[in-house]
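Right, one structure below, let's go through it.
The values are calculated or read from the model by the stated rules, or taken from the named source; none is laboratory data. Note that the coordinates shown come from a computational prediction; the quantities given were computed from them, not determined experimentally. Heads up, the Cβs are rebuilt from the backbone with ideal geometry, glycines too, and the neighbour counts pull from every protein chain shown.
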């Protein structure tokens, strides 16, 4: 009797697991884990901060000492065409290459199959102008955000790439700080950039409770320097304000690619 | 007999009400933010930060506390001194930590509830976010926000004061910044002679009255009553200095904003010298010399200065005296002496 029961349970387990693989049944009323991983690389190699030497398109060699950027406002498009916007309050992440715990956006989305993801690099203008009490977690100006914030021209820094290069006349150092949400009363350059990535070629995300799905993105920092404008540390070693950052923002829209999805 | 009773009753009532008065006076000595009747509605969103006694007192303590600087020597009050209407008297440009010099003159902490932007270039719009700039500026206080909050957390006094103010000893950036805002919002100067005249409680002298008329013709477009600023950014023709501060251009990076600075209020001028964004003019006479004979036709000079053959404003010596007499009616000594706003 006992044995029959065990066999019965096992068969049921096998059967149900088979069924799950073939035609997953999603319950859109249930939310499940989905993470987006930002794997920072330099060309075809994993990014090695402080040690490895890279070359930009201007022919200057350099090392990277700091890489940090905000990703926020995630939206996922289901294979059935509907979209899911992650609630704003759960939608801000600071990717920090120096902190292994800060390379993923961990989200909750309704169960389903997702064929594309979009997000912005930076912090939207709404949050940039919100009451200080709404700036918590990675947006806390006296916490995680303290070195990602311009105090003298209020606004978050979206993207920070710093390093050393003999080409820089500023003590062999370069600092690219990109920010600018469009301004409060008077308009300024808007360096918020939206990224949309199709997932169908390299694996849609099948989100179901009880398992974790990971969308693995490659982020090629060389593309922030080379592209529409090839940045040169000799001509521009420092970017600490809005307008000079626009060419870098225009470049880094191309730095994200979808590598694979772990379902 | 009847009379006698009446007197007793009157005395009794008086005694009781005097008692009452004392009690309520103690309760009401903190009246919160009071809207002056001759001022417009504030720009600051009080709905997000209603002023309370405990939060204001916390903000006042923070404002005067040198713990907010990296070597614990400089407080906000070091550069914003009450007896100088919260400016840095005697310093053309701010003089901060390790004797480092800034490039701009420290403006008064005054009537900020009505300011639509802060700093000479308007780079900050929300008063709650303002303290981050001096705290992290390396010529001013040269500290970091996380470090300042940690110093407060490790202090003996602050956790209890945050508890009193916010019901929790936890020291957050919001609690810290909003308390500082409360102190600064309470720095209201609205008791000058000019204000009394506007509220029909006093009269200008003949000279002041003539000065007022001249002011309305020549200055009021930019230095607009009753705050004496229209909150706009303009170029009033100062020749660029060695620093070549481009002003508003730093914020917007638009060529049409080069050399524009925020129009400053003209209240309490007798206590806020030196004048202009870099404190280059030491006296009101020097200011009038500038407007009458030294205005330079630099890029974006305000068109109001280009109506005469000579760039600037046409003001005779007699008119200058009248204007100065009027400007003196904007002094508000009670603001400088208000104990509520002093270091305790």
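Among the residues of region A:126-174, those identified as out of contact with any strand residue (DSSP E or B) (no Cβ under 8 Å at 6 or more places or on another chain) and more than 11 Å from chain B (Cβ to nearest Cβ) are A:126, A:169, A:171.
Set side by side, the residues B:116, B:103 differ, and just one is modelled with pLDDT under 95, within 14 Å of chain A (Cβ to nearest Cβ) and in a loop (DSSP other than H, G, I, E, B), which is B:103. Evaluating residue B:55 against the criteria (1) part of a helix (DSSP H, G or I); (2) surrounded by 23 or more Cβ atoms within 10 Å (Cβ to Cβ); (3) within 11 Å of another protein chain (Cβ to nearest Cβ) leaves one unmet condition, (3). Confirm whether residue B:75 is away from chain A (no Cβ under 14 Å), buried (at least 18 other Cβ atoms within 10 Å of the Cβ) and free of Cβ contacts under 8 Å to residues at least 40 places away in the same chain. Considered against the rule, which asks whether it is away from chain A (no Cβ under 14 Å), buried (at least 18 other Cβ atoms within 10 Å of the Cβ) and free of Cβ contacts under 8 Å to residues at least 40 places away in the same chain, residue B:75 comes out as yes.
Is one or more of the residues making up region B:186-194 more than 14 Å from every other protein chain (Cβ to nearest Cβ) and under 21 Å from residue B:134 (Cα atoms)? Even if it seems obvious, please write down each step before you answer.
Restricting attention to region B:186-194, the residues satisfying the condition of being more than 14 Å from every other protein chain (Cβ to nearest Cβ) are B:186-194.
Still in the running and under 21 Å from residue B:134 (Cα atoms): B:186-187.
Looking through region B:186-194, at least one residue is more than 14 Å from every other protein chain (Cβ to nearest Cβ) and under 21 Å from residue B:134 (Cα atoms).
Mind listing whichever residues of region B:245-258 are assigned to a loop (DSSP other than H, G, I, E, B) and more than 21 Å from residue B:224 (Cβ to Cβ)? So that I can check it myself, show each step before the final result.
Keep residues of region B:245-258 that are assigned to a loop (DSSP other than H, G, I, E, B), which gives B:245-246, B:248, B:253-254, B:258.
Within region B:245-258, B:245, B:246, B:253, B:254, B:258 qualify.
Scanning region B:266-285 for residues that are in contact with a helix residue (DSSP H, G or I) (Cβ under 9 Å, 6 or more places away or on another chain) and either farther than 16 Å from residue B:89 by Cβ or in a strand (DSSP E or B) (or both) turns up B:266, B:275, B:281, B:285.
Scanning region A:44-75 for residues that are at pLDDT 95 or above, part of a loop (DSSP other than H, G, I, E, B) and under 20 Å from residue A:97 (Cβ atoms) returns A:47, A:48, A:49, A:50, A:51, A:52, A:53, A:56.
What are the pairs with Cβ atoms under 9 angstrom where one residue, in region B:248-274, is on the phi > 0 side of the Ramachandran plot and the other, located anywhere, is surrounded by 23 or more Cβ atoms within 10 Å (Cβ to Cβ) and in a helix (DSSP H, G or I)? Sequence gap at least six, or different chains. Filtered contacts from region B:248-274: B:253/A:242; B:268/B:335. Please work out if residue B:224 is within 19 Å of the chain's Cα centre (by Cα), surrounded by 17 or more Cβ atoms within 10 Å (Cβ to Cβ) and away from chain A (no Cβ under 14 Å). When the stated conditions are applied, residue B:224 does not pass them.
Go over the candidates A:176, A:149, A:184, A:156 one by one and state the one that is more than 21 Å from residue A:250 (Cα to Cα) and buried (at least 20 other Cβ atoms within 10 Å of the Cβ). Before the answer, list the steps.
Numbers: A:176 fails: more than 21 Å from residue A:250 (Cα to Cα); A:149 fails: more than 21 Å from residue A:250 (Cα to Cα); A:156 fails: more than 21 Å from residue A:250 (Cα to Cα).
Answer to the selection: A:184.
Residues in region A:172-199 that are over 24 Å from the mean Cα position of the chain (by Cα) and modelled with pLDDT of 95 or more: A:172, A:173.
Is it the case, given these coordinates, that residue A:212 is within 14 Å of chain B (Cβ to nearest Cβ) and surrounded by fewer than 19 Cβ atoms within 10 Å (Cβ to Cβ)? Taking the combined requirement at face value, the residue does not satisfy it.
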